[in-house]
Amino acid sequence: MYREFIVRTRSREECVSITSIVQEAVGSSGVSEGICVVYVPHTTAGVMIQESADPDVIADCLQVLRHMVPDGLAYRHGEGNSPAHMKASLVGSSVTVLVENGRLLLGTWQGIFLCEFDGPRTRRVWVMVR
Ligand code: ZN
């Protein structure tokens, strides 16, 4: 059984910290030791683990993705949001985190982020703990 969380993004591109809602899902799962999978069922948004202490790291991630995926290429996709699809593929649609003592086993500086590339939108985050 998985849990669904709704995240409303506010910008065309942004990374929203979802660490606390994932931790809440772990805490309420009753699982003491296991794994937590965080999955985003979207093609223009992704999920990543990255530094949560300094927001400049997230800003740098978005800058690098914009550099890697230029807006002006001859994309074929008629919807006009191919860069968002490419960035979502680069980031990926899931992360897996170890669980111990009912807590996410994240490194000191790590956080979990929903990455929006075609917002603002309402996004879903699916979390399974086993
Ligand atoms: Zn599209």
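Read the figures in this text as sums done on the coordinates, not as results from a lab. Source: prediction; values computed, not measured. Cβ coordinates were reconstructed from backbone atoms using ideal geometry, including for glycine residues, and neighbour counts include every protein chain displayed.
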Legend entry - DSSP-assigned coil residues among chymotrypsin sites (Phe, Trp or Tyr not before Pro) in region 50-130, each with at most 13 further Cβ atoms within 10 Å: 109
Legend entry - Label point distance in nm, residue 108-residue 56, each placed 7 Å from Cα along Cα→Cβ: 1.9 nm
Legend entry - Cα coordinate range in the chain, projected on the principal axes (Å, largest first): 50, 30, 21
Inset, instruction - Considering only 70, 41, 83, give the residue with the highest GNM mean-square fluctuation for the chain, with springs between Cα atoms whenever their separation is below 10 Å. - result: 70
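What is the magnitude of the charge dipole of region 87-126 about its Cα centre, with +1 placed on the Cβ of each Lys and Arg, -1 on the Cβ of each Asp and Glu, and no other charges, expressed in debye to the nearest 20?
Details: 5 positive and 3 negative charges, 25 e Å.
Value, rounded to 20: 120 debye.
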Legend entry - Longest DSSP-loop-exposure-free segment, GluC sites (Glu not before Pro), the chain, at most 13 other Cβ within 10 Å: 80-130
Legend entry - Pair residue 10, residue 126: separation of 7 Å Cα→Cβ label points (nm): 2.9 nm
Legend entry - Listed residue (68, 41, 57) projecting farthest to the positive dipole end of region 1-75, Cβ model: 41
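Can you check how the C-alpha radius of gyration of region 1-77 compares to 2.2 N^0.38 Å, as a plain ratio? Kindly include the intermediate steps, with their values, before the conclusion.
Numbers: Rg = 15.7 Å, N = 77, 2.2 N^0.38 = 11.5 Å.
Expressed relative to 2.2 N^0.38 Å, the Cα Rg reads 1.37.
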Legend entry - Loop sites in region 1-39: chymotrypsin sites (Phe, Trp or Tyr not before Pro), DSSP, at most 16 other Cβ within 10 Å: 2
